[in-house]
Amino acid sequence: MTSNPSPRLPKRVVIREVGLRDGLQSIARIVPTAAKLEWIQDAYDAGQREIEIGSFVPAHLLPQLADTAEVLAFSQSLPGLTASVLVPNLKGAERAMACGAEFMLLPLSASHAHSLANLRKTPDEVVQEIKRIVAARETQGSSTKIEVGISTAFGCTLQGRVEPSEVVRLVKAVLDAGVDAVGLADTVGYADPAMVRSLFESVLPVAGEKLNCGHFHDTRGLGLANVYAALELGISRFDACLGGIGGCPHAPGASGNVATEDLAFMLASMGIESGQDMDALLALRKKVAIWLEGETLHGTLWRAGLPRTMKREQQRMQPA
């Protein structure tokens, strides 16, 4: 039996699948465009309504994502699907807006060392670039929404400790610049539930409802526990990768996002709606394992399967 959600927990949660970007960027293999489109279609059929489909970066830097424009165009043909793209700079943002992307995600590292390694800019230089992107959107009259993900918000393998006050400062800076939303990311898997609660509690008074996403890695086995800590504070949107793939190439040890199927199961078990068909997700995971044969996939639900009690409940919910 599923439990009833606590009154303090959201009744519904959005899971944004980021495997097609965060997952594939860390894998040398280039997945054919046709397979990506099949992935998106199957994810959509499984109930996913937010997918990060790629990144507008130079093809020579990330050839795995060189087909982002084509993948975005297909995604836009699916009714009700919000497709987001990552952009590292103004040039990438201009491509995203030209393609009519609904959301573009801009990374901003709270770690000075990681920011230099990832974007070759300091955090404050990235903030200035974000201001230019906001200005370009206004000039063009684009409807593309801008979300900033504060990466390495809980610590960094290159720098070590990241001060919470620095995270708050950067959140305030990008909100003052005019972005639509912000999220906090545990890029290298350093966070624990107490850290998550503390940092989100520090940022919420500054960002309010614009703090709408948690991005957690399961590098040290605390990904789902960290999601729960954020849930308790009312956060109702989370990034996840099918098969728990992904990681930042400039952050050593940052492998393993929270697995989409494990997160969907946890939410369903607690009685929180996410719109996911877990049998369909597990079937898609098998396809992804074939497309990424030889690569290490993570997660646990695929090993044990769904509890028999949950399966019976699902069968009873099916129309006669």
Within the stretch 25-41, how many residues are closer than 21 Å to D262 by Cα and modelled with pLDDT of 95 or more?
-> 3
Within the stretch 183-199, count every residue that is crowded, with 18+ Cβ neighbours inside 10 Å, without any contact (Cβ under 8 Å) to a residue 40 or more places away in the chain and assigned to a helix (DSSP H, G or I).
-> 0
Is there a residue in the stretch 42-64 that is charged (D, E, K, R), surrounded by fewer than 16 Cβ atoms within 10 Å (Cβ to Cβ) and more than 30 Å from Y190 (Cα to Cα)?
-> yes
List every residue pair whose Cβ atoms lie under 9 Å apart, where the two residues are 6 or more positions apart in sequence or sit on different chains, the first residue falls within the stretch 200-216 and is closer than 19 Å to L106 by Cβ, and the second residue, located anywhere, is surrounded by fewer than 23 Cβ atoms within 10 Å (Cβ to Cβ) and acidic (D, E).
-> K210/D180; N212/E147; C213/E147
Is it true that G221 is part of a loop (DSSP other than H, G, I, E, B), crowded, with 24+ Cβ neighbours inside 10 Å and either at pLDDT below 95 or touching a Cys at 6+ places or on another chain (Cβ under 9 Å) (or both)?
-> no
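The values are calculated or read from the model by the stated rules, or taken from the named source; none is laboratory data. Note that the structure is predicted; figures quoted are calculated from it, not measured. Note: ideal-geometry Cβ built from the backbone for every residue, glycine included; neighbour counts use all protein chains shown.
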